[in-house]
């Protein structure tokens, strides 16, 4: 224990299943925390500032140094206040964990604009604003000649990486998180700031209505959010400095490394393309690939979550 001793980390979604597990482990490893949670329901309705305060109280009772700041992370002033709170209390900021999330599932043709904007806000705008505020702080620190070793861990989803019917909005937001992670990692590398993302599979409030999840095993629950926390904690350590711009799946005892949109086949024509030549040559791209994407690829996590016949 103590791998994060002295580090100051902001965690959003701190009262959720995954966010709470992350907070407990970071505190046990010696991190000082600024915890944020809106205190809303799983679908984003409502607001209760006492929720973040309760998280802080529980962690403080265990001996951790914790400050709570409730608020909506889709607001720039809240993101800036989180960074300012860390610096005001401890004079530094070492890491950000974006774990806040809600869920509103719709088939694409039925998505209300309000829900589209809500999910993009909590899952993509929130990490953008807090990450931006943190990066501005670290750039300023570097400009003053002070050492920087910042860490950002975002939360994406297998739905965003591979797709999942009924979750087009959620998937779009989470795919955006993965893309944002890679670009910010490239931009912040000169400042010794790493940016990575996890795609966790865990039992949380957002999965309570699922009928496909296996029952919890009393000896080891494969879907416990606690299984997610160690990877997040490691990515915040000094030892993880060489790792940046990566997307990890994490589930039970499995860690997956995801590769993004890369060419898997190529067709050369030798002359400018025409519709007839495209009609003739385009099938070359599908020699080893289906012409229609009908569902996500099977991963160990998805097989366990949904069964081998539904992945």
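So the values come out like this:
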| quantity | calculated |
| --- | --- |
| Among (1) assigned to a loop (DSSP other than H, G, I, E, B); (2) over 21 Å from the mean Cα position of the chain (by Cα), the one test that residue 53 misses | (1) |
| Entirely in the stretch 147-236, the helices (runs of 4 or more DSSP H) that have 1 or more residues that are farther than 22 Å from residue 14 by Cβ, at pLDDT 95 or above and in contact with a helix residue (DSSP H, G or I) (Cβ under 8 Å, 6 or more places away or on another chain) | 168-188 |
| When residues of the stretch 7-40 are limited to those that are part of a loop (DSSP other than H, G, I, E, B) and without any contact (Cβ under 8 Å) to a residue 40 or more places away in the chain, the one farthest from residue 115 (Cα to Cα) | 30 |
| Subset of the stretch 70-105 (residues that are assigned to a loop (DSSP other than H, G, I, E, B) and over 19 Å from residue 195 (Cβ atoms)) | 70, 71, 72, 74, 75, 91, 102, 103, 104, 105 |
| Unique match (being crowded, with 16+ Cβ neighbours inside 10 Å and touching a strand residue (DSSP E or B) at 6+ places or on another chain (Cβ under 6 Å)) among 78, 35, 51 | 35 |
| Residue that is farthest from residue 265 (Cα to Cα) [pool: residues in the stretch 275-311 that are within 25 Å of the chain's Cα centre (by Cα), assigned to a loop (DSSP other than H, G, I, E, B) and at pLDDT below 60] | 307 |
| Options 257, 231, 235: the member that is touching a strand residue (DSSP E or B) at 6+ places or on another chain (Cβ under 7 Å) and exposed (fewer than 15 other Cβ atoms within 10 Å of the Cβ) | 257 |
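The values are calculated or read from the model by the stated rules, or taken from the named source; none is laboratory data. Worth saying up front: this structure is predicted, and the values here are computed from it rather than measured. For neighbour counting, all protein chains shown are included, and Cβ atoms are generated from backbone atoms with ideal geometry for every residue, glycine included.
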